[in-house]
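This report concerns only the one structure given below.
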Amino acid sequence: MPTYLYCLVAAGDAGDPPPEAPAGIGGAAVRVLTAGTLEAWVSTIASASPPATVESAREHEVVVSAALATGRTPLPARFGQTWPSDAECVASVRQRAAELEPLLRRVAGLVEMTVCTLLPGRPVARRAPVAAGDEATPGSAYLRQLRARADQERRLRTLLEEVRARVSRTLAPLSRGEVAEIR
């Protein structure tokens, strides 16, 4: 049965189960695999591809949060990372240790935070001015709608970028980096 990886932490007491570990994906027990200087928090799951559901993502996050609660900063694994066996998971982590250890040191003692900004309400698109004689042509009306939609999207993106920049400036003294996504 496949081994599912939640996160990596710097090795502590070899092979100790996570203290008060929550259930993982699909209620699976969480355990620790030692891979050199790293510990992999894993579960055995029923299939190689866990269900891509909100519930599964939450279960993944709960395990990563439990790792953080140990006082060690976890390096979260991307959702859905599986290996055919524990041995193959350990071998993969050991093989990538030179790449993973500096990443873990870089985030040690830090907490990742997500800042979401919602704009109030949904802006109403302004109607484009109608040129004389254009009211009856469907093609012109369609093009006006496209232009109005594009103008609205540009205004929203500009507004979102201004908000992102303001949040970034405010949090800069507390931050080591950021990734911005405007959706």
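Values in this text are rule-based calculations from the coordinates and carry no lab data. What you see is a predicted model, and the numbers here were worked out from it, not measured in a lab. So basically every Cβ, Gly included, is an ideal-geometry build from the backbone, and we count neighbours across all protein chains shown.
Seen from every direction in turn and averaged, the convex hull around the alpha carbons of the stretch 39-103 projects onto 4.7 nm². Summarised as an ellipsoid, the stretch 1-70 has semi-axes of 20, 13, 9 Å, derived from the eigenvalues of the Cα gyration tensor scaled by 5 and square-rooted, with the largest first. Positive contributions from Lys and Arg (+1) and negative ones from Asp and Glu (-1), summed over other residues with Cβ under 13 Å from the Cβ of Leu171, come out at +2. Neighbours of Val107, meaning other residues whose beta-carbon lies under 13 angstrom from its beta-carbon, give a summed charge of +2 when Lys and Arg score +1 and Asp and Glu score -1.
Taking other residues whose beta carbon is less than 10 angstrom from the beta carbon of Gly26, and scoring Lys, Arg as +1 and Asp, Glu as -1, yields -2.
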